[in-house]
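Shown next, in structure tokens, is the structure this report addresses.
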Amino acid sequence: MAGRPQVAKTVTALRREVARWRAARETVALVPTMGALHEGHLSLVRLARRRADRVIVSIFVNPAQFAPSEDFSTYPRTFATDVAMLAEEAADLVWAPANVSVMYPDGFATRIVPEGPALAGLEDAFRPDFFKGVATVVAKLFIQAAPDVAVFGEKDYQQLRVVTRMARDLDLPLKVIGAPTVREPDGLAMSSRNVYLTPDERAVAPTLHRVLSLCAKKIAEGRPIDTILAEGREAIERAGFVLDYLEARHAETLMPVGSIKDGPLRLLVAAKLGKTRLIDNVAV
Ligand code: AMP
């Protein structure tokens, strides 16, 4: 087993360590997470390892991206296990703010508000404050850790596009890298929230990816997008989900698309199974 990563609990401690690496001309990668780590997160850490000399993994359950009705207080928190998993991956440093006020000090009054086509609809239609919370915390993480690269999962595809756009718009001197979605053997995208699923729901959950993949295949064959998505929506609801959206978008701009010729395309879905909200996406 590799040595345990250091844990920084204050911005000062984080910056002290990064400054030491910088003095030795080492490059730095950042992997932002909310903890409750699984193989999906670890795949990002492995990618980060290949891209930089040093790897920082941040673990912070960010209250700013949860609506009052959402699961902030019950979100799984497994810090000791997370650190042990990161030791196995030879992460160098865990950036775990000691408490919420390290990130949001008293009187905190500044937010990053993403706009534009990448934000129109999809998650933003159902979680209107989500991307403001994400963009604000990610901008802070980028400024705190000053990495050369930051790795995000395609699992949260709209988030990846919003963060990529933000880094470019704000001239942040780093490269945002997307990593493919890691799945369970039955196709369910790994997620910290999958632990909420009852055994019956867990058995139904892979339907989401199955339907997505089938829709992507049919659209790639040239069948009309509207018809295929209507069939897909019906199949998802028939399986017992309450659907938020199933849409085809341009893979980079996330603009709505009418036909395969408007591509490259991405299919994105969000649906609730009981109390658990699942999201997924695939390339066409
Ligand atoms: P979270 O802890 O859910 O905020 O996720 C932290 C990072 O891990 C985000 O960039 C996610 O997109 C990424 N991630 C979460 N689940 C997966 C997965 N199944 N495969 C790849 N990346 C993932």
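The values are calculated or read from the model by the stated rules, or taken from the named source; none is laboratory data. The shown structure was predicted, so the numbers you read here are calculated from the model rather than taken from an experiment. As a convention, Cβ positions derive from the backbone with ideal geometry for all residues, glycine included, and neighbour counts pool all protein chains shown.
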Open item on the list: Looking only at residues that are of a type in the set (G, A, S) and more than 25 Å from L197 (Cα to Cα) in the range 43-83, which one is surrounded by the fewest Cβ atoms within 10 Å (Cβ to Cβ)?
Closed with: A52
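Taking T74, is it under 22 Å from G274 (Cβ atoms) and among the polar types (S, T, N, Q)?
So T74 passes the test.
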Open item on the list: Being away from the ligand (no atom under 14 Å from the Cβ), free of Cβ contacts under 8 Å to residues at least 60 places away in the same chain, over 19 Å from the mean Cα position of the chain (by Cα) and not assigned by TED's automatic domain parsing to the domain that holds G121 narrows it down to one residue among L214, L170; which is it?
Closed with: L214
Task: Number of positions in the range 37-62 that are part of a helix (DSSP H, G or I), within 13 Å of the ligand (Cβ to nearest atom) and either farther than 28 Å from G187 by Cα or not small (G, A, S) (or both) - done: 7
Task: The listed residue being crowded, with 18+ Cβ neighbours inside 10 Å and basic (K, R), out of R111, R183, R168, R127 - done: R127
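Kindly evaluate V151 against the criterion of being more than 20 Å from V61 (Cβ to Cβ), of a type in the set (A, V, I, L, M) and crowded, with 16+ Cβ neighbours inside 10 Å.
no
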TODO: Please find, within the range 99-138, the residue that is nearest to V163 (Cα to Cα) out of those that are of a type in the set (S, T, N, Q) and part of a loop (DSSP other than H, G, I, E, B).
DONE: T110
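Checking the condition within 12 Å of the ligand (Cβ to nearest atom) and not polar (S, T, N, Q), which residue from G153, G116 passes?
On the way: G116 fails: within 12 Å of the ligand (Cβ to nearest atom).
Only one candidate qualifies: G153.
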- [ ] Taking T198 as the residue in question, decide whether it is surrounded by fewer than 18 Cβ atoms within 10 Å (Cβ to Cβ) and touching a Gly at 6+ places or on another chain (Cβ under 8 Å).
- [x] yes
TODO: Tell me, yes or no, whether the range 235-258 has at least one residue that is outside any helix (DSSP H, G or I), at positive phi and more than 26 Å from the chain's Cα centre (by Cα).
DONE: no
- [ ] All but one of (1) within 15 Å of the ligand (Cβ to nearest atom); (2) part of a helix (DSSP H, G or I); (3) β-branched (V, I, T) hold for T12, so report the exception by its number.
- [x] (1)
- [ ] Find the residue count for the range 42-59, including only residues that are closer than 26 Å to A23 by Cβ and in contact (Cβ under 8 Å) with a residue 40 or more places away in the chain.
- [x] 9
